1. Taking the range A:293-336, which residues are hydroxyl-bearing (Ser, Thr, Tyr) and away from RNA strand B (no atom under 12 Å from the Cβ)?
2. Can you name the residue in the range A:273-299 that is among the polar types (S, T, N, Q) and more than 26 Å from A:Asn155 (Cβ to Cβ) and, of all such residues, is nearest to the chain's Cα centre (by Cα)?
3. Please work out if A:Asn794 is exposed (fewer than 11 other Cβ atoms within 10 Å of the Cβ) and polar (S, T, N, Q).
4. Among the residues of the range A:200-216, write down those that are touching a residue at least 12 places away in the same chain (Cβ under 8 Å), farther than 28 Å from A:Asp380 by Cβ and either more than 8 Å from RNA strand B (Cβ to nearest atom) or of a type outside the set (Gly, Ala, Ser) (or both).
5. Just the residues that are more than 6 Å from RNA strand B (Cβ to nearest atom) and among the basic types (Lys, Arg), please, taken from the range A:608-641.
6. Between a first residue in the range A:299-310 that is farther than 12 Å from A:Ile257 by Cα and touching a residue at least 24 places away in the same chain (Cβ under 8 Å) and a second residue that is among the small types (Gly, Ala, Ser) and away from RNA strand B (no atom under 14 Å from the Cβ), which pairs have beta carbons less than 9 Å apart while being 6 or more apart in sequence or on different chains?
7. Name the residues in the range A:42-94 that are part of a helix (DSSP H, G or I), crowded, with 19+ Cβ neighbours inside 10 Å and of a type in the set (S, T, N, Q), would you?
8. Does A:Gly578 count as out of contact with any Ser or Thr (no Cβ under 8 Å at 6 or more places or on another chain) and surrounded by fewer than 21 Cβ atoms within 10 Å (Cβ to Cβ)?
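The values are calculated or read from the model by the stated rules, or taken from the named source; none is laboratory data. None of these values were measured; they are calculated from a predicted model. Here the Cβ positions follow ideal geometry from the backbone for every residue, glycine too, while neighbour counts run over all protein chains shown.
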Amino acid sequence: MNYDFKKIESKWQKFWTDKQVFKAKLDSKKEKYYCLEMFPYPSGRIHMGHVRNYTIGDVVARYKRMCGYNVLHPMGFDAFGQPAENAAIKHNAHPREWTYKCMDWMKIELKKMGFSYDWDREVATCDPDYYKWNQWIFLKMMERGLAYKKASSVNWCPSCETTLANEEVIEGGCWRCKEPVMQKDLEQWYLKISQYQDRLLDDLGQLSNWSRRVIAMQENWIGKSVGCEVYFKLKENRQTISVFTTRADTIFGATYIVLAPEHPTLRDIEKRISNKDEVVLYIEKAKAKTKLERIEKGKTGVELKGVSTINPVNNEEIPIFVADYVLLEYGTGAIMAVPTHDQRDFIFAKEKKLPMRIVIENPKEKTQTVEDLEEAYVGDGHQINSGQFDGMPNQEAKIKIAQWMQDEGIGKLKTHWRLKDWLISRQRYWGTPIPIVYCKSCGIVGVPDKDLPVELPENIKITGEGGSPLLKVKEFVQVKCPKCKEPARRETDTMATFIDSSWYFLRYCSPKFEKSPFDKKEAAYWMKVDQYIGGIEHAILHLLYSRFFTKFLKDLGLVVIDEPFDKLLTQGMVLKDGEVMSKSKGNIVDPDGIIKKYGADTLRLFILFAAPPEAELEWNEAAIDGSWRFLMRVWRLLERVEDKNSTAELTRKLHQTIKKVTLDMDGGFKFNTAISAIMELVNEIYKQEKVNKDSLEIVVLLLSPFMPHAAEEMWQALGNRETILKTSWPTYDEKFLKVDRVIMVIQIKGKVRDKIEVELNTAKEKLEELVLSRDSVKKWMEGKQLKKFIVVANKLVNIVI
RNA sequence: GCCGGGGUGAUGAAAUUGGCAAACAUAACGGACUUAAAAUCCGUCGGCCGCAAGGCCCUGAGGGUUCAAGUCCCUCCCCCGGCACCA
């Protein structure tokens with residue numbers, strides 16, 4: 001019996017489509033399961049990363065469906081973005097045309113993999129029916145003060161010619177093109193994600209089904225540091241300079257303060273500085289440096305002569321410096337320097353020969369003097385030289401001193417967050433227009449709901465010459481003010497595309513709903529996403545933004561959940577020769593070629609079997625042959641079917657396998673071991689020569705989520721009329737797992753020396769008698785005393801001599 | 001520096017959470033079938049000693065707890081990821 005995978009796979013793909021078997025419908029009587037994979041950018045072709053991501057998701061969806069859940073498994077396209085504009089320039093086609101063509105190609109390839117999507121719910125974010133709701137959500141945010149415009153220094157990618165959010169700057173470069181990011185002063189739109197910082201951090205605690213890795217990444221990104229602000233007064237005019245510290249316990253050791261070169265106070269006190277020329281020169285030099293240059297070099301800085309400040313906790317007069325190792329963007333842009341307990345301050349103070357004072361005793365050193373110090377002591381110890389706090393452990397003093405300063409009015413408890421508001425303006429065409437009109441008399445006016453969507457004009461020229469293409473479309477820019485009807489100007493920036501993907505999982509719940517972004521009833525039923533699957537590269541960007549949007553939509557009353565994704569699986573990358581597959585490295589393996597050569601089922605099997613889903617997967621062409629051989633081995637089992645009952649042994653193996661596979665699926669989707677268990681079962685059947693029909697049916701059912709086409713074909717060949725999809729996942733019966741005799745390991749002093757077959761649950765006394773009388777054991781016991789006889793029931797005995 | 005994850009045969013990996021380390025597969029080697037090849041089937045496959053029976057060693061390194069450690073504890077090395085002159 002020949003296995004013509006081309007015929008068989010397209011036959012079943014057509015069958016599934018025609019019968020609409022993957023269509024999801026709200027059914028309050030059934031328990032739902034929402035399985036979601038991160039939707040792709042429509043580049044035109046799927047790559048191995050997609051294949052892996054979507055294969056994992058498909059197995060989950062198919063398995064859960066067989067387990068009786070009402071499964072929602074949608075797919076769509078994250079269709080806005082710059083590559084469409086670049087392609088438009090290159091091929092002289094409209095970005096819309098190019099994007100939709102790519103989506104069509106990709107759909108064909110996805111269907112060839114046999115993925116079980118409900119295509120009726122397909123969402124494309126570049127569709128006005130979708131981005132209308134981006135605009136609606138934006139306006140709702142603006143009503144609540146969560147979307148606002150401000151002038152600021154922003155990240156600018158000179159190659160993409162657009163602004164970037166902080167999250168889009170990776171190692172100082174643009175996330176898309178890697179070009180070094182510059183700073184530019186611009187007035188731009190922001191979303192106030194900072195208003196949700198506490199909830200975004202605290203609710204990470206709810207995400208027990210997320211990996212520690214992703215949780216840690218988000219924690220780092222949000223970057224909460226608890227400390228206090230301390231008010232230092234200028235001696236000359238009592239002007240306040242605030243500094244931020246997380247180490248209030250070291251404040252008695254503060255022997256000078258340092259301002260960032262950009263600190264505004266510098267301008268205020270300029271006239272008082274006696275070495276003004278030197279200071280101004282230093283500041284200019286510092287500002288000219290890039291951030292990387294500032295970090296590379298040692299610590300430089302100059303003293304502000306003619307001014308000084310008072311340490312508020314001990315009223316000491318101390319000098320003021322300006323130095324570029326202090327950053328304006330962190331804390332208040334000014335620090336108190338404690339050279340004895342901060343390494344940076346230590347290096348600076350040594351260089352400038354500044355005074356130091358130890359205020360925390362290092363418990364490991366007997367006597368300590370400032371002269372002995374070779375580096376700052378940053379560990380814990382008891383306070384000294386700290387007034388009424390002397391003798392207190394520093395961790396306790398940290399809190400007590402901060403509180404005391406707050407009571408005295410010389411400081412304030414404060415928390416610093418690393419997370420900054422989300423810059424969303426992009427100077428590009430292919431994105432959601434920001435629904436704003438600028439009017440001379442009314443100011444910034446939001447487009448009224450009834451006028452949404454603000455559609456992208458079709459009639460544009462994309463030249464790549466810089467500046468937003470929308471600026472040049474008169475009909476788009478020139479509008480009447482929605483309030484006063486006078487001529488006004490439309491906003492020409494579009495929204496960051498990460499907005500599109502921040503709520504698409506909600507749109508899938510009711511993709512054609514017209515009254516609001518989604519139907520509350522449908523969302524209440526389907527959300528949360530039970531299993532979300534995608535790449536680790538979205539650990540911060542997309543996952544943080546989606547959590548933010550979900551919380552906002554909850555505050556709007558549209559959803560009842562705090563978090564959008566219950567379980568998160570971040571699949572590992574697909575590597576070739578130890579490197580990520582990429583065009584530039586020229587090490588791409590095209591999935592389409594593999595499908596043509598082996599079929600989708602073999603590709604699916606290989607990807608699932610070669611490594612656990614979270615681990616990186618090394619592409620190995622030879623190992624694919626192995627998957628193909630296994631599929632053929634299973635296929636040929638059809639020739640071995642007979643009517644007789646199975647042997648007890650095979651029945652036991654069968655039920656053992658059902659149990660093992662079920663546990664692997666439920667306990668974290670360990671597909672690789674699930675498949676290996678089925679391989680063992682198949683090997684067992686081959687040893688038995690024949691297999692009865694019922695047993696083979698179970699093998700087919702167990703394999704069906706992994707290789708759905710071949711499974712359906714075999715299922716039909718075995719005489720079944722109904723599709724496997726309507727068949728339940730097999731269950732195991734403990735009674736078949738029972739054995740009456742077991743083989744136990746005999747250890748002597750923890751080393752395996754022999755094995756013995758005994759009846760199940762043999763008593764310790766009986767075992768002792770049986771084991772000690774064996775020649776192999778006697779040999780080892782010779783001249784030795786039995787100390788202990790340890791029994792692990794039905795597993796092993798250990799003799800201690 | 002801080003936080004998170006790792007380190008097991010030639011290779012991808014497995015090990016019921018403290019109980020036979022290396023399941024399953026890939027590669028390699030040997031054999032059967034074949035005029036031959038492919039396919040298929042059978043066997044060998046961590047290291048050292050030994051003709052063999054068998055013995056000794058082995059999960060990054062070292063120490064510890066335990067009858068028993070890949071798994072728990074301590075010290076250290078290395079790799080990957082995030083954050084970082086973060087005060």
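1. Within the range A:293-336, the first condition is being hydroxyl-bearing (Ser, Thr, Tyr), and the residues that meet it are A:300, A:308-309, A:325, A:330, A:332.
Hits for the range A:293-336 are A:Ser308, A:Thr309.
2. From the range A:273-299, those among the polar types (S, T, N, Q) are A:274-275, A:290; that's our starting set.
Then keep just the ones that are more than 26 Å from A:Asn155 (Cβ to Cβ); that gives A:274-275.
Working: A:Ser274: 53, A:Asn275: 51 Å.
Among those that are among the polar types (S, T, N, Q) and more than 26 Å from A:Asn155 (Cβ to Cβ), it is A:Asn275.
3. Values: exposed (fewer than 11 other Cβ atoms within 10 Å of the Cβ): no; polar (S, T, N, Q): yes.
Against the criterion (exposed (fewer than 11 other Cβ atoms within 10 Å of the Cβ) and polar (S, T, N, Q)), A:Asn794 does not qualify.
4. Kept after step one, since they are touching a residue at least 12 places away in the same chain (Cβ under 8 Å), are these residues of the range A:200-216: A:200-201, A:203-204, A:206-207, A:209-211, A:213-214.
Add one more test, that the residue is farther than 28 Å from A:Asp380 by Cβ, and what stays is A:200, A:203, A:206-207, A:209-211, A:213-214.
Hits for the range A:200-216 are A:Leu200, A:Asp203, A:Gln206, A:Leu207, A:Asn209, A:Trp210, A:Arg213, A:Val214.
5. Across the range A:608-641, the qualifying residues are A:Arg636, A:Arg640.
6. Listed pairs, sorted by first residue: A:Lys305/A:Ser274; A:Gly306/A:Ser274.
7. Passing the criteria: A:Asn53, A:Thr55, A:Gln82.
8. On the way: out of contact with any Ser or Thr (no Cβ under 8 Å at 6 or more places or on another chain): yes; surrounded by fewer than 21 Cβ atoms within 10 Å (Cβ to Cβ): yes.
Yes, satisfied.
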